[in-house]
């Protein structure tokens with residue numbers, strides 16, 4: 001299995017542990033479209049990591065099924081299955097005794113790729129994660145920073161060009177600045193390679209930033225809501241989701257849209273503070289509050305004014 | 001054959017007891033002296049975090065010393081007798097005790113010592129109330145190694161007139177195969193008991209909270225990596 | 001040495017002048033150390049003993065390593081074996097060498113085999129414990145990543161766990177080699193081989209130089225072996241000396 005992204009489908013997937021009354025994951029049913037990032041979010045104990053690990057069978061499913069590209073994961077040889085899925089974990093788990101290049105080359109080597117092709121692929125991937133190959137190829141994990149290690153982890157997971165990736169809180173152990181940088185990196189890489197990704201996180205903001213779809217799980221592995229970020233924020237399914245999204249749900253929603261997506265009002269010689277067209281609505285709101293103005297003049301790339309946005313149009317945009 | 005050996009032990013129990021006593025006295029004296037020398041020195045150096053090169057390499061050197069050679073030299077310089085053998089045994093027993101004491105005290109986590117200092121403890125108080133209790137398991141591991149080593153080497157001491165159960169073991173002509181095997185069994189039991197004895201003492205003296213972390217054999221100081 | 005081990009030297013009452021015929025003054029007076037004796041007797045006394053000593057050591061450590069490795073791998077797979085293996089090697093380690101020789105002699109005779117069995121036995125404890133520790137020290141996230149990536153159990157063992165156990169194994173090997181070299185001197189009480197033999201002969205005549213020469217050789221051998229093993233470890237584990245420079 002390699003190459004083009006594939007759809008992942010959970011069909012009433014359930015995990016029960018012996019001796020426990022409640023299942024860890026209860027009849028999870030959702031479909032992740034090919035090439036999309038699906039974030040599994042929820043409090044601890046919500047079974048999000050368990051659900052993810054059922055995909056590559058690190059945890060055995062009790063009832064129900066999971067399929068990749070239409071093929072049930074249970075029907076495949078487990079080793080072949082795992083070699084066809086990119087797996088990234090929080091502590092990375094780079095092999096300390098192997099160089100960066102050897103780490104990245106792990107799965108291709110297992111698959112028996114010819115040496116030349118492996119070397120090329122390693123360089124290509126190091127390039128993709130923005131670690132200059134000549135510099136980093138022969139380094140050992142002990143010589144890397146946390147952010148660099150996770151980049152190598154990412155490269156390693158992508159090495160055999162799997163159609164599907166599983167990521168378990170991959171940026172959780174990093175400091176906020178590095179985390180933010182790597183989140184952007186992931187979006188950029190995804191833009192280039194377009195894999196189907198199941199991404200586990202407990203951070204709703206991270207999920208909103210990265211996810212094309214978000215699945216909110218509650219305790220006992222029950223799916224509370226599965227939607228795009230916009231629909232989730234605009235129409236939460238129940239109280240639990242409302243609470244989970246946070247009291248600043250409205251602001252989160254504003255952060256998803258940008259000024260250049262709105263219909264702007266006429267300038268009419270208005271004198272007001274300016275805001276770039278790429279500014280999010282949330283930042284625009286923040287600017288209005290700070291400057292005391294009720295309107296902003298929206299300007300384009302070269303500073304040319306395009307129109308006016310008011311507090312009312314902002315509010316109307318998301319309701 | 002082992003039955004005959006045990007028969008010998010039973011028949012000659014006075015002899016066996018006498019030799020066992022000699023063996024114990026020799027081992028005990030050597031061990032006591034070695035502890036008296038090496039333990040304070042190691043603890044003190046570890047407390048000051050000085051002399052790590054010395055402490056670590058003494059262990060290496062000590063392990064490299066062939067016991068037969070040391071005993072032979074003791075005999076050569078000090079003649080036959082109890083004290084020459086005892087001295088040789090002391091030389092062999094000092095390294096594991098010294099090194100383990102050093103590593104144990106030196107290795108108490110810096111944060112803990114700093115917290116103690118911050119609370120206003122004097123150097124001596126830190127040593128006695130914080131470092132020593134935490135270092136106890138490893139210190140005892142060293143004493144335990146030295147004990148087994150001394151009891152074992154005291155057996156060889158017989159070739160230099162040291163007495164003890166070794167006397168029987170090296171003298172097959174005099175005591176016959178049964179005697180030799182019997183004495184061998186006795187000295188093995190003696191060593192195992194000594195080891196268990198020190199282990200028990202170690203467990204008794206270790207603060208309850210730390211039990212379960214004690215190593216049961218000499219840790220190689222080079223084992224710590226990274 | 002005929003039907004038993006050694007005869008004690010307690011019968012010696014005072015210093016005995018070694019009868020070496022053309023011995024130099026130094027030797028005749030039995031001064032502390034006579035370099036000329038060493039030179040004269042190197043090739044027929046000391047060198048052969050040294051070579052035999054090296055052989056004894058290498059055989060013992062090699063066999064000990066293989067046995068300990070096998071035991072450690074079995075323990076790694078079947079945890080329950082740890083107690084029995086550990087206790088067995090600890091008991092063997094505790095038995096005084098002379099006693100162990102004597103317990104073996106009725107079975108294997110006054111041969112090199114007896115000596116090797118005992119020496120192998122003494123290496124087991126440290127090697128077994130260290131290899132087991134080494135295998136255990138592999139970080140759990142490394143194992144999880146390996147499993148998730150699709151390495152089979154065997155591949156994980158050979159490509160990940162064993163290489164990462166090398167440092168601990170080498171540490172144990174160093175201790176085992178050095179201890180075996182020291183212990184092998186006692187072998188002379190069973191068979192006339194190794195550096196213990198000249199020491200032993202010299203003991204009968206209280207001949208200082210020979211004792212010191214053979215003893216010093218044993219110590220030197222141990223230190224050289226230790227240094228070689230340190231170099232070997234560095235060569236085998238290029239990753240352990242790598243450190244962040246940024």
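The values are calculated or read from the model by the stated rules, or taken from the named source; none is laboratory data. None of the values given here were measured: they were computed from a predicted structure. Using ideal geometry, Cβ is built from the backbone for each residue, glycine included, and neighbour counts are taken over all protein chains shown.
Annotation: of all residues in region C:20-47 being part of a loop (DSSP other than H, G, I, E, B) and modelled with pLDDT of 75 or more, the one that is nearest to residue C:212 (Cα to Cα) is C:33.
Within region C:143-163, being touching a helix residue (DSSP H, G or I) at 6+ places or on another chain (Cβ under 8 Å), more than 18 Å from residue A:153 (Cβ to Cβ), at the interface with another protein chain (Cβ under 8 Å from one of its Cβ atoms) and part of a helix (DSSP H, G or I) holds for one residue alone: C:155.
Checking each residue in region A:96-112 for being without any contact (Cβ under 8 Å) to a residue 12 or more places away in the chain and more than 11 Å from every other protein chain (Cβ to nearest Cβ) picks out only A:112. For residue A:89, the conditions (1) in contact (Cβ under 8 Å) with a residue 40 or more places away in the chain; (2) out of contact with any strand residue (DSSP E or B) (no Cβ under 9 Å at 6 or more places or on another chain); (3) within 23 Å of residue A:4 (Cα to Cα); (4) within 11 Å of chain C (Cβ to nearest Cβ) all hold with the exception of (2). Looking across region B:58-72, the residues that are within 9 Å of chain C (Cβ to nearest Cβ) and over 18 Å from residue B:152 (Cβ atoms) come down to B:60, B:61.
Anything in region B:152-190 that is in contact (Cβ under 8 Å) with a residue 24 or more places away in the chain and assigned to a loop (DSSP other than H, G, I, E, B)? List them, or say none. Passing the criteria: B:161, B:162, B:163, B:164, B:165. Among residues of region A:134-144 being surrounded by fewer than 17 Cβ atoms within 10 Å (Cβ to Cβ) and either in contact with a strand residue (DSSP E or B) (Cβ under 7 Å, 6 or more places away or on another chain) or in contact (Cβ under 8 Å) with a residue 24 or more places away in the chain (or both), the one that is farthest from residue C:241 (Cα to Cα) is A:138. Residues in region C:90-115 that are buried (at least 21 other Cβ atoms within 10 Å of the Cβ) and more than 12 Å from chain B (Cβ to nearest Cβ): 2 in all.
On inspection, residue C:121 fails the criterion of being at the interface with another protein chain (Cβ under 7 Å from one of its Cβ atoms) and either surrounded by fewer than 24 Cβ atoms within 10 Å (Cβ to Cβ) or without any contact (Cβ under 8 Å) to a residue 24 or more places away in the chain (or both). For region C:183-231, filtered to residues that are under 17 Å from the mean Cα position of the chain (by Cα) and surrounded by fewer than 17 Cβ atoms within 10 Å (Cβ to Cβ), the residue that is farthest from the other protein chains (Cβ to nearest Cβ) is C:228.
Here are C:176, C:220: which of them is under 30 Å from residue C:134 (Cα atoms), assigned to a helix (DSSP H, G or I) and free of Cβ contacts under 8 Å to residues at least 12 places away in the same chain? Even if it seems obvious, please write down each step before you answer.
On the way: C:176 fails: free of Cβ contacts under 8 Å to residues at least 12 places away in the same chain.
Only one candidate passes the filter, namely C:220.
Could you check, for region B:142-163, whether at least one of its residues is more than 12 Å from chain C (Cβ to nearest Cβ), at negative phi, within 15 Å of the chain's Cα centre (by Cα) and modelled with pLDDT under 85? No, region B:142-163 contains no residue that is more than 12 Å from chain C (Cβ to nearest Cβ), at negative phi, within 15 Å of the chain's Cα centre (by Cα) and modelled with pLDDT under 85.
Mind checking which residues of region B:75-105 are more than 9 Å from every other protein chain (Cβ to nearest Cβ), crowded, with 24+ Cβ neighbours inside 10 Å and closer than 15 Å to residue C:211 by Cα? Across region B:75-105, the qualifying residue is only B:88. Here are A:180, A:173: which of them is surrounded by fewer than 19 Cβ atoms within 10 Å (Cβ to Cβ) and within 14 Å of chain C (Cβ to nearest Cβ)? Only one candidate qualifies: A:173.
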